[in-house]
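Report on the following structure.
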Amino acid sequence: MTTLDTSSSHRAARRLTLPPTPPPQVLDRSRAAATLTPAQAVQVAARAISRNLLSPVCAPDAGVAFQPRSMLAVLAYCYASEVYCSTDIEDFMRCDASIRELCGNEIPDASTLRRFRRHNREAIEHCLYEVLRQMAEQAGVHAAEGEIQERAHQQLVTAILMDMHEN
């Protein structure tokens with residue numbers, strides 16, 4: 001399990017934990033809904049997004065960290081964890097040894113993360129919605145679909161606004 005403390009001038013320190021990728025049987029949504037961590041829920045949701053809905057922002061031969069599905073998963077995970085600033089996300093990826101290893105020591109910079117978000121808002125919001133819905137189900141919260149959709153939208157808007165204030 002990988003853990004990192006991140007902080008910025010916009011918020012207090014936050015502890016992020018990324019568990020190792022679970023075996024395929026744990027990722028089966030119908031059998032293990034009550035056992036998914038947020039990171040695992042992000043993995044399931046990101047894999048469910050059609051490749052045709054994702055717009056790459058880097059060359060096709062760029063490293064794994066620059067591939068659309070990887071960037072989608074990282075952003076959805078961070079937004080679900082209430083880490084919104086692209087510079088904080090870049091720092092998290094750069095400082096976490098396991099993430100660096102998974103990414104082949106290639107980390108997208110904040111401007112690349114922002115560009116990806118700009119070109120893939122719908123996919124990010126859908127992925128975030130699925131994660132929030134899954135986490136609400138596991139917590140036994142019976143939120144209306146519209147409430148969850150609004151929360152996903154607001155978290156995406158928060159990320160955009162936080163980045164605007166940082167520049």
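A few points about this structure:
- The numbered conditions (1) closer than 15 Å to A46 by Cβ; (2) charged (D, E, K, R); (3) touching a Gly at 6+ places or on another chain (Cβ under 6 Å) are all true for E125 except (3).
- The stretch 123-157 - residue that is β-branched (V, I, T) and in contact with a helix residue (DSSP H, G or I) (Cβ under 8 Å, 6 or more places away or on another chain) and, of those, surrounded by the fewest Cβ atoms within 10 Å (Cβ to Cβ): I148
- Qualifying residue in the stretch 55-65 (condition: touching a Cys at 6+ places or on another chain (Cβ under 9 Å) and in a helix (DSSP H, G or I)): yes
- Residue within the stretch 103-120 that is assigned to a helix (DSSP H, G or I), over 17 Å from A62 (Cβ atoms), out of contact with any Phe, Trp or Tyr (no Cβ under 6 Å at 6 or more places or on another chain) and small (G, A, S) present: no
- Among the residues of this structure, A73 does not count as one that is of a type outside the set (D, E, K, R), closer than 19 Å to H119 by Cβ, in a loop (DSSP other than H, G, I, E, B) and modelled with pLDDT of 90 or more.
- With respect to being touching a Ser or Thr at 6+ places or on another chain (Cβ under 6 Å) and surrounded by fewer than 16 Cβ atoms within 10 Å (Cβ to Cβ), S98 fits the description.
- Answer residue from the stretch 78-95, given it is hydrophobic (A, V, I, L, M, F, W, C) and in a helix (DSSP H, G or I) and is surrounded by the fewest Cβ atoms within 10 Å (Cβ to Cβ) among those: C95
The values are calculated or read from the model by the stated rules, or taken from the named source; none is laboratory data. Remember, it's a predicted structure, so these values are computed and weren't measured experimentally. No Cβ is skipped: glycine too gets one built from the backbone with ideal geometry, and neighbour counts run over all protein chains shown.
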